[in-house]
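The structure under discussion appears below in the form of structure tokens.
The values are calculated or read from the model by the stated rules, or taken from the named source; none is laboratory data. Because the structure is predicted, anything quoted here is derived from the model rather than measured. In this analysis, Cβ positions are derived from the backbone assuming ideal geometry, glycine residues included, and neighbour counts consider all displayed protein chains. When the accessible area is computed, the model is the full protein with side chains, heavy atoms only, and any ligands, DNA or RNA have been set aside. Shrake-Rupley method; radii C 1.70, N 1.55, O 1.52, S 1.80 Å.
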Amino acid sequence: MKPVFIINGFLESGKTEFINYTLAQPYFKTKGRTLLIVCEEGENEYDTNLLKATNTDMVVIEELEDFSASKLVELDKAYKPERLIIEWNGMWDFRKCKMPFHFSVEQQITVVDGSSFNTYFSNMRSLFAEMIKKSEMIIFNRCDSVIDELPVFKRNIKALNKNADVIFEGSQGEITTIFEEDLPFDLNAPVIELDNQGYGIWYIDSLDNCERYIGKTISFTAIVARPPEFPKGYFLPGRMAMTCCADDMAFIGFACEWAGAAGLKERQWVKVTAKVAKEYFEDYKGEGPVLKAISVEPTSKPKEEVISFN
């Protein structure tokens with residue numbers, strides 16, 4: 001299989017700088033040639049001396065119509081690279097990024113200019129979402145002027161791709177501040193009451209920081225789901241969330257252990273009070289938050305059934 005690395009993001013997000021930096025790193029050196037396919041050219045250019053020193057050939061594809069599996073096969077035969085790096089044009093629909101059968105995407109990274117994230121995310125959310133959904137890593141650079149907004153940025157990304165690693169960088173390097181102070185609930189309360197906003201934020205934060213909730217008691221309103229693959233005595237309380245637009249909805253929740261799970265009805269509204277644990281769960285394919293219900297009581301549906309992550 002031919003390894004492919006995809007770097008995507010909008011114009012002037014820092015893709016070229018990232019690829020130049022990566023090519024120069026010892027860990028990225030390899031025998032044979034590298035083919036760099038550039039799908040848009042910004043103000044920053046590639047270092048021709050670096051390309052020569054790293055045995056990298058660069059090809060520019062300016063139109064989406066010219067980017068196809070057959071074109072990649074043609075380039076593969078012409079340059080015979082050991083691997084490919086694709087700098088994807090953020091204005092192209094990423095669903096049209098098709099690979100030949102013998103190409104394997106080894107890693108996909110999205111580069112984001114933190115100072116312009118709000119503009120792109122508000123006005124081009126569907127394009128942005130398609131890039132984010134399959135990226136293993138999201139790198140926000142130029143974050144010095146938006147440090148107070150980074151918790152919201154992270155939640156927006158995690159809503160689209162809960163497994164992505166999110167990195168924030170400023171002029172002094174990586175920003176590693178833990179954003180606990182941004183949480184809209186008291187972590188030290190005897191029972192953490194989660195409203196609509198609080199539930200979405202708790203869900204996203206639990207994916208990265210499960211340890212801070214272990215042993216805590218939470219309470220929230222949820223819809224009952226009973227996946228057939230769940231073991232006896234478990235159900236899935238959760239909420240519908242808008243991850244991109246009105247047409248892009250997802251059901252989000254964590255497995256909950258409760259002796260009365262078998263008596264619950266699908267899509268029933270309940271008030272759940274539970275302690276949070278971190279355990280292996282088959283459906284997670286690893287460890288994650290598992291709720292231990294203290295009580296599960298029928299309740300009326302909330303005024304706003306769909307939640308957000310802001």
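Would you kindly state how much longer the chain becomes between residue 300 and residue 101 on full extension, computed as 0.36 nm times their sequence separation minus their alpha carbon distance, in nm to one decimal? Between residue 300 and residue 101, full extension yields 66.6 nm more. Calculated mean residue ellipticity, 222 nm, the chain: -6000 deg cm²/dmol, from DSSP H runs (n ≥ 4) at -39500 (n - 2.57) each, averaged per residue and rounded to 500. Indicate the gyration tensor shape class of the range 101-146 (rounded, prolate or oblate), computed on the Cα atoms with a ≥ b ≥ c the square roots of the eigenvalues: a/c under 1.5 is rounded; otherwise a/b larger than b/c is prolate and the rest oblate. Oblate is the answer for the range 101-146, as a/c is 1.5 or above yet b/c matches or exceeds a/b.
Return a whole-number percent for the relative contact order of the range 141-201, with Cα pairs under 8 Å and 6 or more residues apart as the contact set. Provide the component values of the computation, followed by the final result.
Working: 34 pairs, mean separation 18.1, N = 61.
Relative CO of the range 141-201 lands at 30 percent.
Treating r as the C-beta distance of residue 278 and residue 68 and R0 as 45 Å, the FRET efficiency rounds to 0.50. Taking only protein heavy atoms and a 1.4 Å probe, the accessible area of the chain is 49% carbon and sulfur. Counting only lysines at least 8 places from residue 303 when in the same chain, those with an alpha carbon closer than 21 Å to its own are 265, 271. Figure note: 202, 258 ranked by solvent-accessible area, largest first, 1.4 Å probe, ligands and nucleic acids not counted: 258, 202.
Using the Cα gyration tensor of the range 1-87, with a ≥ b ≥ c the square roots of its eigenvalues, what is the shape: rounded (a/c below 1.5), prolate (a/b larger than b/c) or oblate (neither)? Don't skip to the answer; put the middle values down first.
On the way: a/c = 1.72, a/b = 1.03, b/c = 1.67.
In terms of gyration-tensor shape, oblate.
How much area per residue is accessible in the range 184-310 when the probe is 1.4 Å and only protein heavy atoms are counted (Å²)? For the range 184-310, the solvent-accessible area averages 50 Å² per residue. Using the Karplus relation 6.51 cos²θ - 1.76 cosθ + 1.60 with θ = phi - 60°, the per-residue 3J(HN,Hα) values for the range 150-164 come to 4, x, 5, 4, 5, 5, 4, 5, 5, 5, 8, 8, 5, 8, 6 Hz, with x marking Gly and Pro. Once C-alpha pairs closer than 8 Å and six or more residues apart are averaged by separation and normalised to the residue number of the range 109-176, the relative contact order reads 36 percent.
Computed 3J(HN,Hα) for the range 23-35, one whole-Hz value per residue from the Karplus formula 6.51 cos²θ - 1.76 cosθ + 1.60 where θ = phi - 60°, is 4, 7, 7, x, 5, 9, 6, 8, 6, x, 9, 10, 9, glycine and proline marked x. Sequence-distant contacts, meaning Cα pairs under 8 Å at least 6 residues apart, place the relative contact order of the range 69-226 at 16 percent.
Identify, among 135, 104, 151, the residue whose Cα sits farthest towards the positive end of the charge dipole of the range 92-155, taking +1 on the Cβ of Lys and Arg and -1 on the Cβ of Asp and Glu, with the dipole about the Cα centre. Ranked along the dipole, the leading option is 104. Protein-only accessible surface at a 1.4 angstrom probe places the residues 301, 285 in the order 285, 301, largest first.
A Förster radius of 25 Å, combined with the Cβ-Cβ distance separating residue 240 from residue 127, puts the computed FRET efficiency at roughly 0.60.
FRET efficiency for the residue 52 to residue 28 pair, using the beta carbon distance and R₀ = 22 Å, is estimated at 0.90. Between helix 69-79 and the chain there is an angle of about 40 degrees, using the helix long axis and the longest principal axis of the Cα atoms.
Legend: distances between Cα atoms for 158/285; 15/52; 15/154; 52/158; 71/285; 52/96; pairs beyond 28 Å are 52/158; 71/285; 52/96. When only alpha carbons are used to place a centre, the range 28-45 and the range 141-173 end up 26 Å from one another. Divided by 2.2 N^0.38 Å, where N counts the residues, the Cα radius of gyration of the chain comes to 1.16.
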